[in-house]
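The values are calculated or read from the model by the stated rules, or taken from the named source; none is laboratory data. Keep in mind it's a predicted model, so treat the numbers as computed, not measured. Note that each Cβ is placed from the backbone with ideal geometry, even for glycine, and that neighbours are counted across all protein chains shown. These accessible areas exclude ligands, DNA and RNA; they are computed on the full protein's heavy atoms, side chains included. Shrake-Rupley method; radii C 1.70, N 1.55, O 1.52, S 1.80 Å.
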Amino acid sequence: MAYRAPVADIAFALKHGAGLNRTLAKGGEFTADDVDAVLEEAGKFANDVLAPLNQVGDKFGTPFKDGKITMPPGWKEAYTGWYRAGWNAVAGPTQWGGQGLPHAMNAACIEMWNSGSMAFGIGPVLTMGAAEALAAYGTDELKQKYLAKLVSGEWMGTMQLTEPQAGSDVGALRTKAVRQPDGTYRITGQKIFITYGEHDLTDNIIHFVLARLPDAPPGNKGISLFLVPKFLLNADGTPGERNDARAHSIEHKMGIHASPTCTMVYGDNGGAVGYLVGEENRGLACMFTMMNLARLAVGLQGVGVAERATQQAIEYAKDRKQGRAIGFAGQGSSPIVDFPDVKRMLMTMRALTRAARAICYATAGAIDGSHGKSDEAKASNERAALLTPVAKAFSTDIGIEVASLGIQVHGGMGFIEETGAAQHLRDARIAAIYEGTNGIQSLDLVSRKVSMNGGAVVRAYLDELRQTVKAVQAKNDPAFGTTGAKLSDAVESLDRATTWLLSKLENEPQAALAGATPYLRLFSNAAGGCMLADEALVALRLGDGDPATRVAIARFFAENIAVQASGLEKSVTEGADSVNNATL
Ligand SMILES: Cc1cc2nc3c(=O)[nH]c(=O)nc-3n(C[C@H](O)[C@H](O)[C@H](O)COP(=O)(O)OP(=O)(O)OC[C@H]3O[C@@H](n4cnc5c(N)ncnc54)[C@H](O)[C@@H]3O)c2cc1C
């Protein structure tokens, strides 16, 4: 089924929900018209070039032979066209050839690439992250040699943390780096599950590898980051001699078949040449520069796949006829879209997708606002830190839920591969696992983010949510139904659960951590519900952005999804004992 990028919705969510209009109002050459033009072009590329490759990639996969990977038919042309059109460089630094546009703009584009194809979309996420880390921590020499090509996407990047014994526990990694007299390092070891570790899309691949020096302290404090090119560079900067780094094999996976997932081997011939990025033993901090953006981008994968699954399900439900719905006056059978249970599924898909989009774009907007040293920038930085785990985990969880509902709407046809609905679910599943599992995101939210400044950051956010609740109530518009009351209940549930967590974190951390996942969902329900209501209020005020639909979606979310908040609150505050005393 064709995907049509919802450009108008995205533009509205970006400008009003994510505050892009505020960023634009600060000046600069980029205008609101430019936003529309860029989104329109990105949407066309996603619709016309990437979306048709999705099933091709799923079927063909990435065959591996003699150390080489062949990408599916049409992928190299698509990638080349994509990077040459400047799409990898949207938010890249201008001094290295990037366009320097807001991250929020790039976030919208990333969503559309991933609606087109998740297996395509994940590759550039890693390249962009690699460029970001190199720009922040690389030496001038490394930047001169590699940065412009990573920013443009002419060379792709990888991010290599995982080893067999070191998954969520990155500090357990063993890959070795040994100092050389010429200032380089020799890297030996093995990495597993490396996305785009090998492929034929670009003529060099720049690996960013975490490794440990022989005299490094144990754990996270002894990890360093190295740039390890697949091909060492000639004096003129072109790819030359092959480095001692290769893909040993690829994984056979449940989904994203066109994203090659490689086991990488370093040091068959004495060690791969690696260049230190940042300081020795400070590699994890550098990697986190990449990971925060990558986490948001993986959240956007969830939004992208959810949007595509929703479009497909709505189209199918309007076409498929079965039985007669109550009140149906037409001839023959009703389209299944007329049945209340199907409507509920479709509205759930739509509302969850819109809420996840709003949370992801708000996170990107906060990242855009976080540059500089002003109080405003500091607050924005804290907001981005608070929202990042929520954006990643909620959006990827709902990506799975929405894709699963999409199958349900299709009935038996959903289970049949040719429909394409099953691929969305198979693809969506990984996003809750990589870039830090969603369990790890909820631990991050509870143990590090909620406690920021003694809870002041989350409390300020709660106050903002209350402002939205008040605004909905003050509007007193019957179209909102009980939105104001339902959102108020959700926000107060979040407030009580937050207070409870803050009281437990120091002396009973085990109790707090037992409720981390329901807390993250509670947070998302309250925040997502308020963001949708906010968008609806703005649309009503402006008479733009399809106000009636926005109000209907906000109302559906508040009355059918946000209402789960009180149950989630109880799970956080009353469920910990039965978790921690469980015998398994
Ligand atoms: C297709 C694919 C692509 C990938 N791409 C890359 C890549 O490009 N680069 C890279 O470096 N890695 C990559 N990975 C690895 C991925 O990031 C890891 O799989 C992920 O971080 C989880 O690690 P693990 O698989 O070892 O699971 P584990 O760490 O063993 O986790 C298993 C379960 O235990 C939970 N758990 C673990 N520790 C804790 C804890 N402290 N508290 C609570 N719960 C915990 C987890 O949440 C999870 O539910 C990829 C993986 C896949 C499958």
Qualifying positions in region 275-298 - modelled with pLDDT of 95 or more, at negative phi and away from the ligand (no atom under 16 Å from the Cβ): TYR275, LEU276, GLU279, GLU280, ARG282
Does GLU315 satisfy the condition of being surrounded by fewer than 24 Cβ atoms within 10 Å (Cβ to Cβ) and not in a loop (DSSP other than H, G, I, E, B)? yes
Somewhere in region 252-266, is a residue away from the ligand (no atom under 16 Å from the Cβ) and out of contact with any helix residue (DSSP H, G or I) (no Cβ under 6 Å at 6 or more places or on another chain)? no
Look at region 230-251 and say how many of its residues are of a type in the set (Ser, Thr, Tyr) and within 15 Å of the ligand (Cβ to nearest atom). 1
Which is buried (at least 23 other Cβ atoms within 10 Å of the Cβ) and in a helix (DSSP H, G or I), of ASN88, ASN47? ASN88
Return the only residue of VAL579, VAL572 being assigned to a helix (DSSP H, G or I), open to solvent by less than 30 Å² (accessible area, probe 1.4 Å) and in contact (Cβ under 8 Å) with a residue 40 or more places away in the chain. VAL572
Any idea which residue in region 169-198 is surrounded by the fewest Cβ atoms within 10 Å (Cβ to Cβ), counting only those that are in contact with a Phe, Trp or Tyr (Cβ under 9 Å, 6 or more places away or on another chain) and at positive phi? GLY183
Just give me the residues in region 159-195 being within 8 Å of the ligand (Cβ to nearest atom), free of Cβ contacts under 8 Å to residues at least 60 places away in the same chain and among the aliphatic types (A, V, I, L, M), in sequence order. ALA166
Yes or no: GLY270 farther than 29 Å from PRO73 by Cβ and in a loop (DSSP other than H, G, I, E, B)? yes
Out of all the residues in region 216-228, is one or more more than 23 Å from LEU276 (Cβ to Cβ) and either in contact (Cβ under 8 Å) with a residue 12 or more places away in the chain or within 14 Å of the ligand (Cβ to nearest atom) (or both)? no
Looking only at residues in region 391-436 that are within 16 Å of the ligand (Cβ to nearest atom) and among the β-branched types (Val, Ile, Thr), which one is surrounded by the most Cβ atoms within 10 Å (Cβ to Cβ)? THR396
I'd like the full set of residues that are among the polar types (S, T, N, Q) and surrounded by 14 or more Cβ atoms within 10 Å (Cβ to Cβ), limited to region 445-459. SER447, SER451
With respect to VAL265, determine if the residue is out of contact with any Asp or Glu (no Cβ under 6 Å at 6 or more places or on another chain) and under 23 Å from PRO218 (Cβ atoms). no
Restricting the search to region 415-438, which residues are assigned to a loop (DSSP other than H, G, I, E, B) and touching a residue at least 40 places away in the same chain (Cβ under 8 Å)? GLY420, TYR434, GLU435, GLY436, THR437
Could you list, in sequence order, all residues of region 164-193 that are within 19 Å of LEU134 (Cα to Cα) and either assigned to a helix (DSSP H, G or I) or of a type in the set (Val, Ile, Thr) (or both)? THR184, ILE187
All-but-one check, GLY481 against (1) more than 27 Å from ALA536 (Cα to Cα); (2) open to solvent by 10 Å² or more (accessible area, probe 1.4 Å), failing number (1)
Residue set ALA119, ALA177, ALA148; condition within 19 Å of the chain's Cα centre (by Cα) and of a type in the set (Gly, Ala, Ser); output residue ALA119
Does any residue of region 138-157 turn out to be among the aliphatic types (A, V, I, L, M), assigned to a strand (DSSP E or B), more than 15 Å from the ligand (Cβ to nearest atom) and touching a Gly at 6+ places or on another chain (Cβ under 7 Å)? no
Is it fair to say LEU462 is crowded, with 23+ Cβ neighbours inside 10 Å and either part of a helix (DSSP H, G or I) or at pLDDT 95 or above (or both)? no
Examine region 53-61 for a residue that is free of Cβ contacts under 8 Å to residues at least 12 places away in the same chain and open to solvent by 70 Å² or more (accessible area, probe 1.4 Å), and state whether such a residue exists. no
Just checking, does region 2-20 include any residue being of a type outside the set (A, V, I, L, M), on the phi > 0 side of the Ramachandran plot, out of contact with any strand residue (DSSP E or B) (no Cβ under 7 Å at 6 or more places or on another chain) and open to solvent by less than 10 Å² (accessible area, probe 1.4 Å)? yes
Conditions (1) within 16 Å of the ligand (Cβ to nearest atom); (2) among the aliphatic types (A, V, I, L, M); (3) open to solvent by less than 10 Å² (accessible area, probe 1.4 Å) -> LEU513 fails only (3)
On the given criteria, is LEU210 of a type in the set (A, V, I, L, M) and either loosely packed, with under 14 Cβ neighbours inside 10 Å or within 13 Å of the ligand (Cβ to nearest atom) (or both)? yes
Failed condition for GLU29, given (1) in contact with a helix residue (DSSP H, G or I) (Cβ under 6 Å, 6 or more places away or on another chain); (2) free of Cβ contacts under 8 Å to residues at least 24 places away in the same chain; (3) loosely packed, with under 15 Cβ neighbours inside 10 Å; (4) not small (Gly, Ala, Ser), with all others met? (1)
Just need a number here: residues in region 499-519 that are of a type in the set (Ser, Thr, Tyr) and farther than 20 Å from ILE440 by Cβ. 2
